[in-house]
Each structure stands twice: as C-alpha cells, then as structure tokens.
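Asker: The following block contains the structure, expressed as structure tokens.
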Amino acid sequence: MLLGTPCLLIKRVIQQQTEFSMQKTKPTLILSQAAFARAQQLMPGGVNSPARAFGAVGGTPIFVDRAEGAYLFDIDGNRYLDYIGSWGPMILGHRHPAVLAALKHALEHGTSYGAPTEAESELAERIIDAVASVEKVRLVNSGTEATMSAIRLARGYTGRDVLIKFAGNYHGHVDSLLVSAGSAAATLGVPSSPGVTQGTTQDTIVLEYNDVAALEKTFAARGAEIAGVIFEPVVGNMGVVRPSEAFCETLQRLTRKHGALLICDEVMTGFRVAFAGAQSLLGLEPDITTLGKIVGGGLPVGAYGGRADVMDHILPAGEVFQAGTLSGNPLATAAGCATLKLLKDDPPYGKLETLSAQLEDGLREAAESAEISHSLARVGSMITLFFHDTAVDNWSAASQCNTDLYARYFWGMMDRGIYLPCSQYEALFVSAAHTAEDIEQTVAAAQETLNDIAPGSAGG
Ligand SMILES: *Cc1c(COP(=O)(O)O)cnc(C)c1O
C-alpha cells in the first residue's frame with residue numbers, strides 16, 4: 001500500500017547508518033513502526049498470533065527481514081541476538097545448512113500430494129525412537145492440533161468426559177483447554193475467552209500446578225469420570241516452572257489407578273530439554289505425548305503419539321476421527337526429519353547445558369548486584385528471570401510478578417540488541433547457534449539494564 005519505494009529508500013539509508021553503528025546505539029524502528037501501522041489495518045492487532053504484538057511490554061514489535069544462526073535482522077537493519085527461536089522450534093539456530101538442504105531437496109519433488117510418503121514414516125520413526133513412551137504417532141500441523149486430538153483420543157478411548165488441566169499451563173487454543181482458575185482449589189472450568197462456551201469447558205477441571213492434595217482430592221471425588229490429565233512436564237507458558245517429584249509421582253499413580261490417561265504436553269519441551277523429552281528427565285511414562293515446535297524444524301508440524309493400543313483407536317485403525325489435508329506435508333516432514341537427525345547424530349544438549357548455565361549464573365549475579373528482587377528458573381535451555389522474590393512453582397506465585405519491571409527490562413535489552421520474550425510469562429530459549437561470547441554479551445547487557453531499572457537507581 002503506502003509502503004512501496006519510499007520505504008525502500010529509507011531502508012537503504014538506515015542500513016548504511018547501522019552497518020557501522022550496530023549494537024552501539026539504540027535501534028531505530030522507523031520501518032517496523034510503519035509496517036505495524038499497515039498490518040494493524042489488515043489483521044486483528046496487526047499480527048497472526050497475539051504473542052507477537054508486544055501487548056505485555058508495549059511499543060512496536062520488530063518486523064523481521066531475515067535470520068541467520070543466533071541472529072534476527074529487522075527491516076530497519078538492526079541485528080538482535082535471538083532468544084526466542086520462533087518460540088522454540090529453532091533449537092539449531094536459523095538457516096541450518098542441513099535443514100535448508102533437506103528443504104531444497106523436498107521442494108524439487110513437490111510440495112503436497114495428499115497421499116502417503118516415506119518421509120512421514122521416517123519422521124514417525126525418529127519420534128518413536130527418541131521418546132520411550134511413544135509406540136505409534138500421528139502427524140498434524142500444529143501443537144494445538146496435537147493437543148486437541150490427544151484429548152479427543154483420551155475421551156474416545158476411555159468413554160469418559162472429564163479432563164484435568166493446570167492453571168498457567170498452555171496447550172494451544174483448543175476450546176476446552178482455554179480455561180484457567182484463580183485459586184488453588186479445584187474449580188469448575190470458567191472459559192478464559194469469549195466464544196468458548198460454558199458447555200465446552202464444563203468438563204474441564206482446573207487445578208493448581210504442583211498441588212498434590214488437589215489432585216488426590218479430585219481423583220477421590222470423580223476418578224471414574226476422568227478421561228485424562230493434560231500437563232506441561234516442565235512449564236514454559238507461565239515462565240519456566242518445574243514439577244515437584246511428588247507431583248509427577250502422583251500424576252502417574254492416580255491416572256493409572258483410576259484408568260485415566262496421562263497426556264504429557266511436550267510441544268515445547270520435546271527435543272528441547274532432552275532428546276527424549278522432559279518425561280525422560282522426570283521418569284514419567286505418559287499414555288499420550290503431544291509434540292510440536294522442534295519436530296517441524298521451523299515448519300508447521302505437530303504430532304501426538306503414545307501406547308499403540310491407545311493410538312489404534314484413531315481412524316482409520318479405530319473410530320476416533322482426526323484428519324488433515326496437509327498433515328505429513330513433504331516440506332514440513334523434510335525440515336522435521338533433518339532437525340531430528342542432527343539432534344540425534346550430533347546432540348547439542350551438552351553445549352546447550354553449558355551455555356544455559358552460564359547465562360543463568362550471569363543473570364543471577366547481575367540481578368543480585370543490581371539488588372533486584374528476582375528468582376531464576378532453568379531447565380536445560382529454557383530460562384526465566386522472574387521479577388518476584390521467591391521461587392515460582394505455580395500460577396498463584398507467577399501472577400504476582402512485577403510485569404512493569406519486566407517490560408522495562410525487555411526494552412532495555414532490546415536497546416542493547418538482545419531479543420527476549422515480550423512477556424514475563426514466556427521462557428527464553430538458548431540455541432545451538434549461540435556462543436559463549438554471545439552469552440557474555442547478553443549478561444553484560446542484562447547488568448547494564450538491571451542497574452538502570454533497579455528501584456533507587458537514577459533510571460529506576
Ligand atoms: C506452543 C505450545 C502449544 C501450541 O502449539 P501451536 O503450534 O502454537 O499450536 C501447545 N502446548 C505447549 C506446551 C506449547 O508450548
């Protein structure tokens with residue numbers, strides 16, 4: 001529309017200016033501002049997924065031009081160290097040569113057939129080999145599709161209706177999972193979005209994460225009605241929150257005892273915190289596992305898998321309906337296969353652990369020396385710096401965080417070329433493309449930023 005040639009001219013000028021001043025001066029966001037204004041005329045809120053709109057931190061989201069390794073480049077020519085990695089998938093960094101080569105190869109053959117391909121079996125096999133509890137798998141197009149299908153399967157398999165989920169756990173925008181609760185008590189689901197009916201959520205029970213007593217009480221009262229429990233084995237979607245050992249043990253024991261299915265939502269943690277998933281770290285044996293993000297290597301893929309006798313209830317082996325025109329798409333499976341192959345043949349998890357521990361330690365020291373109330377949570381390459389003075393182990397605690405301070409931290413880091421989650425309630429991700437120098441630079445930026453925003457400082 002209005003963004004033809006004039007913008008390209010400005011862009012060139014800005015690129016010339018930024019080439020030698022990169023990282024030294026605050027990024028200017030002139031072109032991103034114009035692009036956002038245009039996008040807001042065309043799409044609700046200017047984005048195709050709300051987390052991108054910077055609603056929780058204010059200001060203009062950067063519009064991305066391209067990415068390489070650990071870096072994002074916006075349309076104004078600014079470069080950022082990327083700790084989002086497309087919200088999880090880019091564990092190998094952007095434009096990994098092996099993933100690009102696999103995509104180019106797939107592209108030469110065709111982009112979609114609606115008929116079986118061998119690449120689908122390869123991706124299925126790679127998932128089954130990696131995740132111990134998965135014996136059969138169905139490929140879909142997103143994490144949301146995976147969780148939606150998994151809960152349908154749990155209900156179809158058990159012939160029961162009721163589902164348990166936990167406050168602050170996100171499982172995609174599935175109607176019956178868009179429910180939250182404010183208290184630690186067992187609460188009948190109240191829809192958290194207009195358009196989700198009371199009828200849809202009345203069979204969803206929301207409990208507080210890590211609340212063993214609430215689980216015991218709910219199963220004691222309604223065990224025979226419960227089809228399944230869906231949970232994030234390590235929560236990323238209220239910031240990083242770990243499950244207690246007792247919580248994991250109780251989930252496993254009560255679902256088994258009452259014939260309910262345990263659905264481990266590893267859309268974020270799968271192939272992220274460990275090659276075999278968070279379940280391998282926690283000693284869990286879920287009946288169904290949902291995957292997404294990394295399994296698509298940056299293309300749209302989701303998957304759900306589990307015990308063969310459960311999975312065989314899905315059409316056409318069984319009667320639980322689930323289908324998809326583009327499921328197992330050749331480009332998406334190629335990127336997924338290439339990514340999982342690299343993660344298996346040349347595992348980056350040792351390196352990710354070292355870099356992430358370095359970042360965690362650096363952030364802790366920076367927050368301590370700036371005298372900012374905080375707690376840090378890390379599992380593998382997922383990290384959250386909470387602006388909250390005690391450890392966060394459920395949504396009640398997470399919701400007490402100082403989100404205004406987080407917003408100032410976010411923009412301080414952006415000014416220094418570090419792209420962090422635009423919300424307190426998202427994990428940051430370290431990728432295999434990050435280096436020790438990148439982490440050092442990030443810690444230095446965090447020290448400056450936290451000093452600036454500390455209560456009582458000149459800037460605070
Ligand atoms: C991202 C995410 C989803 C949803 O996946 P989409 O691909 O965005 O639909 C589901 N569960 C968890 C744990 C996630 O992190």
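The values are calculated or read from the model by the stated rules, or taken from the named source; none is laboratory data. Just so it is clear, the structure is predicted and the values come from calculations on it, not from any experiment. Positions of Cβ are generated from backbone atoms using ideal geometry, with glycine treated the same way; all protein chains shown enter the neighbour counts. Only protein heavy atoms, including side chains, enter the accessible area calculation; ligands, DNA and RNA are left aside. Shrake-Rupley method; radii C 1.70, N 1.55, O 1.52, S 1.80 Å.
Asker: Go through the stretch 96-154 residue by residue and tally those that are open to solvent by 50 Å² or more (accessible area, probe 1.4 Å), farther than 22 Å from Asp346 by Cα and among the aliphatic types (A, V, I, L, M).
Answerer: Looking only at that region, the number is 3.
Asker: Being in contact with a His (Cβ under 8 Å, 6 or more places away or on another chain) and either of a type in the set (Ser, Thr, Tyr) or surrounded by 24 or more Cβ atoms within 10 Å (Cβ to Cβ) (or both) is true for just one of Val295, Val301, Val273, Val267. Which residue is that? So that I can check it myself, show each step before the final result.
Answerer: Values: Val295 fails: in contact with a His (Cβ under 8 Å, 6 or more places away or on another chain); Val301 fails: in contact with a His (Cβ under 8 Å, 6 or more places away or on another chain); Val273 fails: in contact with a His (Cβ under 8 Å, 6 or more places away or on another chain).
Just a single option satisfies the conditions, and that option is Val267.
Asker: Would you confirm whether any residue within the stretch 250-273 is within 17 Å of the chain's Cα centre (by Cα) and on the phi > 0 side of the Ramachandran plot?
Answerer: yes
Asker: Moving on to the next point. Quick one: which residue in Leu352, Leu343, Leu284 is touching a strand residue (DSSP E or B) at 6+ places or on another chain (Cβ under 8 Å) and modelled with pLDDT of 95 or more?
Answerer: Details: Leu352 fails: touching a strand residue (DSSP E or B) at 6+ places or on another chain (Cβ under 8 Å); Leu343 fails: touching a strand residue (DSSP E or B) at 6+ places or on another chain (Cβ under 8 Å).
It is Leu284.
Asker: Pick from Leu262, Leu215, Leu284: which is away from the ligand (no atom under 16 Å from the Cβ) and surrounded by 20 or more Cβ atoms within 10 Å (Cβ to Cβ)? I'd like the intermediate steps shown before the answer.
Answerer: Values: Leu262 fails: away from the ligand (no atom under 16 Å from the Cβ); Leu284 fails: away from the ligand (no atom under 16 Å from the Cβ).
Exactly one of Leu262, Leu215, Leu284 is away from the ligand (no atom under 16 Å from the Cβ) and surrounded by 20 or more Cβ atoms within 10 Å (Cβ to Cβ), namely Leu215.
Asker: Could you list all residues from the stretch 143-201 that are modelled with pLDDT under 85, within 16 Å of the ligand (Cβ to nearest atom) and hydrophobic (A, V, I, L, M, F, W, C)?
Answerer: Answer for the stretch 143-201, where residues must be modelled with pLDDT under 85, within 16 Å of the ligand (Cβ to nearest atom) and hydrophobic (A, V, I, L, M, F, W, C): just Val179.
Asker: Does Thr255 fit the bill of being hydroxyl-bearing (Ser, Thr, Tyr), crowded, with 21+ Cβ neighbours inside 10 Å and assigned to a strand (DSSP E or B)?
Answerer: Numbers: hydroxyl-bearing (Ser, Thr, Tyr): yes; crowded, with 21+ Cβ neighbours inside 10 Å: yes; assigned to a strand (DSSP E or B): no.
It is false that Thr255 is hydroxyl-bearing (Ser, Thr, Tyr), crowded, with 21+ Cβ neighbours inside 10 Å and assigned to a strand (DSSP E or B).
Asker: Show me the strands (runs of 3 or more DSSP E) found entirely inside the stretch 270-387 where at least 3 residues are closer than 22 Å to Gly172 by Cβ. Write out each step before concluding.
Answerer: On the way: elements: 288-291, 302-306, 375-379, 382-386.
Answer list for the stretch 270-387: 288-291, 302-306.
Asker: Could you list, in sequence order, all residues of the stretch 285-320 that are in contact with a Lys or Arg (Cβ under 8 Å, 6 or more places away or on another chain) and more than 17 Å from Ala132 (Cα to Cα)?
Answerer: Result: Lys293, Ile294, Asp312, Ile314, Val320.
Asker: Is there any pair linking a residue in the stretch 226-248 that is closer than 9 Å to Asn210 by Cα and modelled with pLDDT of 95 or more to one that is part of a strand (DSSP E or B) and within 14 Å of the ligand (Cβ to nearest atom), with Cβ under 9 Å and at least six apart or on different chains, and which?
Answerer: Short answer, once both residue conditions are applied: Arg242/Val235; Arg242/Val379; Pro243/Phe231; Pro243/Val235; Phe247/Phe231.
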